[in-house]
Structure formats: structure tokens, C-alpha cells
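Asker: This is the structure I want to talk about, given as C-alpha cells.
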Amino acid sequence: MVVVVLSMIAAGLVGTAILSKATSSRYERVQYGIANRAYYLAESGASYVRSRRATNPLYFPTAETNTLPNGDQFVVSAHPVSFIYTNAVGVVYEGWHTIVDSLGIVNADTALEARQQIHFDMHEKGAAPSGGELFSDETHFNFDLWDLKNIDASDVRIFDTGPSDGPGVNLVVDRPEYEGQITLDWVNNQNVIDLDSSWATHAGGGTGRLSYDIQLKLQTFENVPSLHYMMGISFRLRSNGEHYGLSFFRSMTNDGAKAIGDPDRPPWANKMDDNFKALRGTNTYAVLWYRTATNANLQLINSRQIRWEDGLYETDLYNGVYELTNYCTLLLQLDDVYTDGSYTNRENRIVAYMEPPSVNPVWPNFSATNAVWQENTTNYPAPIVWSNGVVTNIDSRITSADFSTLQPPEIGLHIFYDRNAANETFFKDFAIRLEGFYSPYGGTQIQW
């Protein structure tokens, strides 16, 4: 009798254990399913931030709670960070990322509540307003977006430069000083390109910063080659004419004496510092320079002689001199970087590229996804190594510290030439890429 009773008790204890184990397993499975739901909610939160920022680049939420109809929630935060790095050939870059923290919550404030948090690191690509809106659509020039300096509107036209080169913007300068410029009127066209918002968004702890890339393809009037010319990109352009320039340049001499004024030398070619004068001769150069104001002297920052192996020259000689081929490309990469932890001092880090037109025939093809020349120099161009051996030129004479207050033109194109017979110049495929914080689609993404 005792044995039977003990057996019944033992069987009861085993049954209780089995019931407890089965209940626990079911509870664990339920919790596992709820945890999965919380994880997917967190992923949805990150996708939500990504989609919001695709239409609003200034969207950086702080602990923003979004509640679904069934009571589930995701809480999202996002903030910008920057990374300074140097590639294998010495080019200094500042890469902008957006870090997103997303918390998914299921069955909030109940015994079955589950929470899962994930983090996204989205490397932002830049924004490239369409070339047609900025410059020309190969039929009409965008007069609304540009101010003309020493260039008459009647002398701006779209000109077909041949079946292999296609239409280009023909800018004719007809002035005794033999120089002209067009400057970007972004202030009255912020629906097309908003430099002020880009500056404010990238404050990084300070007042604001403005970094960008600019591409330009250009051609001199090949039927009457200039002895003296300089044409290219103006940047950090101020209302008084102070600016930097990135250009193709040549100033030939008739008598071989570089310091003596030749009779056919234009006025601007006599407003050069000694370093510029040293480049006079039959060679053509890529030059980086600075000017304190309109009509002030041209001060050379750096130069690079264009060599035959660069692929930028025509195969035929003109009067014993090689001329640049049609629509050689200049690309400027300008980084505006703070140099101290107090966000007080800053500097421009300037990198440049030059290539023949065949490397990137039409860039960016009205597509922002093609708006960056990559670092992979097997498939893409390498930056200019200047005559002093540097790739990144650092200069702080003009910065963007007061950009929002001054609202300067900032960007332009310049033309210097030597005689009326050679005053026609051609430009095409102008493009601007502003620094990141625009559509993150197409940028890299890491999740953890």
C-alpha cells in the first residue's frame, strides 16, 4: 500500500514537471516570436528615417516615437558624423555619415514586452543638381542662374562644335581688358541649388561649412589659337572679385624673355606674380591661383605642366605648338575643414583632376549616382600631382566662415584671352556635387 501511494506521488510530480516544461517552452517560443517582431520594427524604423531623409535632407530626429495602430512602436534618432581620411595617393577626404539608432517595442508596458535596438551607419553620397538646370540643356543657356561679368547676353549662345564634340556654350568676351566671368546666382535660385542650406547643415559644431565638387569641360577657339589664355573654374568667389581659380593656362613669349612685356600681351597677363611669370613660354599648364579682388594681381598657388602622355593635346601642331584637345576636363574637389577642436579655424583642402574628354564623355548624365570620381585609379582618373609633389593644396585666405551673412556668388567660370580673333571659348558638361546629407540611396550602409 505504501509502495502504491509513493508511486502515485512520484507520477504526480513527474506530470507537474512535464506540464511546467511544456508551459515554459511555449512561453519561450512566444517571447522569441515577440522579440523577432521587435527586431523587424527596429529595422522598419531605420527604413523610415532613410525614406524621410530622401525628401528632407535636414531630417535628424531625436528620440522620435512612432506608434502603429496595434500599439507597437519604434523610436528613432539620427545624427551626422564626419570622418577624415587619406587615400593611398595622399588625397585627404572628409566622408559624411548619418548614424541612425532605432528601437523596436512590442507589447509595451506588459509582461510580454520585448525591445530590440539596431544601428545604421549610412555613408551619404552628395547631391548633384541636374546639369540642364544649372548650365544649359544643349539648346538654351540658363540666363536666370548666372550673372555675366564683361560678357554681353547677346554673346552667349549654344554653338555646335562638330559631330564629334556636339553643342557647347559659347562665351564671347569683347572687352579691352580681355577677361570675363559668369557667376552663379544661387541666392535667387535656391529651388535649384541651395548653397546656404548645405553650409548650415554641415556646421559640425561650428557656424557652417561648404564643400563641393565642380566639373567643367572647356575648349579654346582652335581655328585661331591664343598665345595667351587662361580659362576654368572660379571658387570661393566673393562680391569684390576675390576668389581662387583652377584653370588651363598658357602665356607665350615672342622674344624669349619671360619678364619683359611683349607688345601683344594682354593687360591681365602683366598682372602676375613672379611664380606665374616663370611659367611663360610655349608650354601649357594646369594652374591653381588666388586673386584678392577684381583686376588685382594673379598669385600662383601651384602648377602642373601638361605633358604629351596626359592625353590632353591635339595630335597636330599649330605653328609648331601643341594645342589642348577639344573639351578637356577639369574637376575641382574642395573640402572645407575645421583645424581645431574649438571649431574656430578652418582651411580649404583643394584637390584637382584633369582628363581628356574620352575618359568620362558626359558627366554626370543628369544622374547624381555618377557625381563622384572614385579613388580606384584603375578605372577612374587620378588626381593631379602638382609641381611641388603635393596632391592636396591647403589654403585659408578665403573661407566660408561668414557665408550665410555674405551670401557671395561662390562659384563661377572665368575666361582670359589675348585678341578679338581668339575671343570665342566653349564650355559644356558643367556639374556641381554638394557635400552629403542628401538622398542616402546609392550610398553605402552598415547595420549592427
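The numbers here are math on the coordinates, done by the rules we state, and not lab data. Remember, it's a predicted structure, so these values are computed and weren't measured experimentally. Cβ coordinates were reconstructed from backbone atoms using ideal geometry, including for glycine residues, and neighbour counts include every protein chain displayed.
Asker: Taking other Cβ within 10 Å of each residue's Cβ, how do His202, His119 sort, fewest first?
Answerer: With the fewest neighbours first, His202, His119 line up as His119, His202.
Asker: Kindly put Ile193, Ile118 in sequence by how many other C-beta atoms sit within 10 Å of each C-beta, fewest to most.
Answerer: By the 10 Å Cβ count, ascending: Ile118, Ile193.
Asker: Also, quick follow-up: If I model a spin label at Ser51 and Asp274 as a point 7 Å from the Cα along the Cα→Cβ vector, what separation in nanometres do I get?
Answerer: Each label point lies 7 Å from its Cα, and together they span 6.5 nm.
Asker: Sort 296-305, 331-340, 67-76 by packing, meaning the average of other beta carbons within 10 Å per residue, with the highest value first.
Answerer: So the peptides 296-305, 331-340, 67-76, ranked by packing, come out 331-340, 296-305, 67-76.
Asker: Take the Cβ-Cβ distance between Ala296 and Val187 as r, set R0 to 35 Å, and report the resulting FRET efficiency rounded to the nearest 0.05.
Answerer: 0.90
Asker: Relative to the present Cα-Cα distance, how much length would full extension add between Thr315 and Asp402 at 0.36 nm per residue of separation?
Answerer: Extra length from Thr315 to Asp402 when fully extended: 26.6 nm.
Asker: Please give the length that would be gained between Ile394 and Ala203 if that part of the chain were fully extended, namely 0.36 nm times their separation in residues minus their C-alpha to C-alpha distance (nm, one decimal).
Answerer: 66.8 nm
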